[in-house]
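S.K.: I am attaching a structure below and will ask some questions about it afterwards.
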Amino acid sequence: MIKAIKGVKDLLPEESPRWRFIEDTARQWALRYGFQEIRVPIFETTTLFARSIGATTDIVEKEMYTFADRDGSSLTLRPEGTAGTVRAFIEHNRAADPRPQKYCYAGPMFRHERPQAGRLRQFHQFGVESFGVSDPRADVEVLSLLWRFLSDLTLPGLTLEINNLGYAEDRARYKPLLVSFLKGVESRLCGNCQRRIEANPLRVLDCKVPECRSATEDAPRLADSLSPAARDHFDRVTADLQAIGIPFHVNPRLVRGLDYYCLTAFEVTCSHLGAQNAVGAGGRYDGLVEQLGGTPVPAVGFAVGLERIALMLPETFIVPSIPRVYVAAFGTQAADVGFALLDELRRVGVPADMDFRSASLKAHLRQADRLGALYTILLGDDEVAKGTATVRNMQTKAQENVPIQDLAAACRDRLLDR
RNA sequence: GUGGGUGUAGCUCAGUUGGUUAGAGCGCCGGAUUGUGGAUCCGGAGGUCGCGGGUUCGAAACCCGUCACUCACCCCA
């Protein structure tokens, strides 16, 4: 048996209404905020991701699905959505458009990791990117959209954490201070963090190991190295969040894994989600457009993991789309008449179905019941001879004879009445 | 890449210190009702016990290997 490859999942018809609900809700909220959908390719040239995400990040170093095209050029399945969106923004010179460039997207992303709860090799994200506005209200707008959307889904146990990463120069000033401190306490750090001192010192502050926490208790704080402009930006973000009533915690240890973030960084976590508890995250990335060859354009955005949302979503709203009329045609002539009737029903807009395997009326009715049909049209050779069929209401069991030529219109009218 | 757990019917799972023909519930098909669904009763179909070796008179069970799934580390959405 050929099986799906590791870390990918089939979404069976029973679950797809949940997903449609999540995606529709996300898109509605984004449109309400003035974001418009952009669809970009799921594969790009490898250097795009290496240059945007950061060449030394785990994603780029060991998690990308990279392969050679026929001409030998290196392509990569996108591990996240921002890089492709920024590339499209630059390529189509969207910076020249005076209107706000606010985009949203949804689709599959690919990372070669060991799968576990809430983490797959092909997973799905919904995200937004807001280009061109350095005003802190753009950060707050994005945060607000994220928070309102997740709250609308009534996901339990959500927490929003934010931090100020400052500008690249601020971090460049801070890093040596931190590194020299960490070297002083190196023996108290876990093995991972000892390696992080060189590779990604900021990440040490976000380590979950308690010993690392206490060892870094007195570490120099990034906040103390921030420029006045960076502080002012963050102060206005937090003030505006408070003004519109969005709850948040400032977490000075919060560090994002991607290199391009600056100033505002944030993460929404959920308490009932296992080890992978980040539902969504994002931040400001003012340098990225320029870094990828565009003119300097400030930007801010977020992405949420749809699998993780689906894991948390209460199962209350399920609205499966089911056929409303079942055609139970049995007998030699009636089978042909019924098949034509089925087609006519569909043409006039009536959701209709029939199981061609069923031969007896009993078997047809059983299928009608299973499919949740509101009405079943009973059509045997006797009915065909008389030119009428029996319409059975599956809830009340009331039956009525209707001329076959009037059936499609009659069914349409009945369904519209409801 | 590292570690733990689990692989038995379509699904959820039993299966005793190794012992006859591998079971249950749900689901499925049929009958009771020769043209009327759900409920009930009766009957039936459905299994390479993940795969490959080994031990044994005898293996679903024990041993070795392997694969898959899963949870966790790492990292991240």
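The values are calculated or read from the model by the stated rules, or taken from the named source; none is laboratory data. Computed from a prediction, not measured in an experiment: that's the story for all the values here. Cβ sites come from the backbone with ideal geometry, for glycine too, and all protein chains shown count toward neighbours.
S.K.: Could we say that A:Glu290 is over 18 Å from A:Tyr105 (Cβ atoms), of a type in the set (Asp, Glu) and outside the structural domain of A:Leu407 (by TED's automatic domain parsing) here?
M.R.: yes
S.K.: Identify the residue in the stretch A:96-149 that is among the acidic types (Asp, Glu) and surrounded by fewer than 20 Cβ atoms within 10 Å (Cβ to Cβ) and, among all such residues, is nearest to A:Pro79 (Cα to Cα).
M.R.: We begin by selecting, within the stretch A:96-149, every residue among the acidic types (Asp, Glu); these are A:97, A:113, A:129, A:135, A:139, A:141.
If we keep only those that are surrounded by fewer than 20 Cβ atoms within 10 Å (Cβ to Cβ) too, we end up with A:97, A:113, A:135.
On the way: A:Asp97: 28, A:Glu113: 11, A:Asp135: 29 Å.
Only one residue fits best here, namely A:Glu113.
S.K.: Of all residues in the stretch A:332-382, count the ones that are more than 19 Å from A:Asn401 (Cβ to Cβ) and hydroxyl-bearing (Ser, Thr, Tyr).
M.R.: The number of residues fulfilling the criteria is 3.
S.K.: Please go through (1) more than 9 Å from RNA strand B (Cβ to nearest atom); (2) touching a Pro at 6+ places or on another chain (Cβ under 9 Å); (3) part of a loop (DSSP other than H, G, I, E, B) for A:Leu415 and return the number of the only condition it doesn't satisfy.
M.R.: Only one criterion in (1) more than 9 Å from RNA strand B (Cβ to nearest atom); (2) touching a Pro at 6+ places or on another chain (Cβ under 9 Å); (3) part of a loop (DSSP other than H, G, I, E, B) is unmet by A:Leu415, namely (3).
Condition check ((1) in contact (Cβ under 8 Å) with a residue 24 or more places away in the chain; (2) within 13 Å of RNA strand B (Cβ to nearest atom); (3) not charged (D, E, K, R)) across all residues:
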{"residue": "A:Arg20", "(1), (2), (3)": "no, no, no"}
{"residue": "A:Gln28", "(1), (2), (3)": "no, no, yes"}
{"residue": "A:Pro41", "(1), (2), (3)": "yes, no, yes"}
{"residue": "A:Ala50", "(1), (2), (3)": "no, no, yes"}
{"residue": "A:Ile53", "(1), (2), (3)": "yes, yes, yes"}
{"residue": "A:Arg70", "(1), (2), (3)": "no, no, no"}
{"residue": "A:Val86", "(1), (2), (3)": "yes, no, yes"}
{"residue": "A:Asp97", "(1), (2), (3)": "no, no, no"}
{"residue": "A:Ala106", "(1), (2), (3)": "yes, yes, yes"}
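Okay, residues lined up against (1) more than 16 Å from RNA strand B (Cβ to nearest atom); (2) not in a loop (DSSP other than H, G, I, E, B):
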{"site": "A:Asp240", "(1), (2)": "yes, yes"}
{"site": "A:Arg256", "(1), (2)": "no, no"}
{"site": "A:Thr264", "(1), (2)": "no, yes"}
{"site": "A:Thr269", "(1), (2)": "no, yes"}
{"site": "A:Val289", "(1), (2)": "yes, yes"}
{"site": "A:Val297", "(1), (2)": "yes, no"}
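Rundown of residues vs (1) among the basic types (Lys, Arg); (2) within 25 Å of A:Leu150 (Cα to Cα); (3) modelled with pLDDT of 95 or more, yes/no style:
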position: A:Met1; (1), (2), (3): no, no, no
position: A:Phe21; (1), (2), (3): no, yes, no
position: A:Phe35; (1), (2), (3): no, yes, yes
position: A:Phe43; (1), (2), (3): no, no, yes
position: A:Asp58; (1), (2), (3): no, no, no
position: A:Lys62; (1), (2), (3): yes, no, no
position: A:Glu91; (1), (2), (3): no, no, yes
position: A:Arg99; (1), (2), (3): yes, no, no
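Residues checked against (1) near RNA strand B (Cβ under 7 Å from one of its atoms); (2) surrounded by 14 or more Cβ atoms within 10 Å (Cβ to Cβ); (3) under 25 Å from A:Arg20 (Cβ atoms):
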residue: A:Pro314; (1), (2), (3): no, no, yes
residue: A:Ala329; (1), (2), (3): no, yes, no
residue: A:Asp336; (1), (2), (3): no, no, no
residue: A:Leu341; (1), (2), (3): no, yes, no
residue: A:Lys362; (1), (2), (3): yes, no, no
residue: A:Tyr375; (1), (2), (3): no, yes, no
residue: A:Glu400; (1), (2), (3): no, no, no
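S.K.: Considering only the stretch A:208-237, state which residues are within 19 Å of A:Trp147 (Cα to Cα) and either in contact with a strand residue (DSSP E or B) (Cβ under 7 Å, 6 or more places away or on another chain) or not assigned by TED's automatic domain parsing to the domain that holds A:Glu267 (or both).
M.R.: Scanning the stretch A:208-237 gives A:Phe234, A:Val237.
S.K.: Another one. In this structure, does A:Thr396 turn out to be among the β-branched types (Val, Ile, Thr) and near RNA strand B (Cβ under 8 Å from one of its atoms)?
M.R.: Considered against the rule, which asks whether it is among the β-branched types (Val, Ile, Thr) and near RNA strand B (Cβ under 8 Å from one of its atoms), A:Thr396 comes out as yes.
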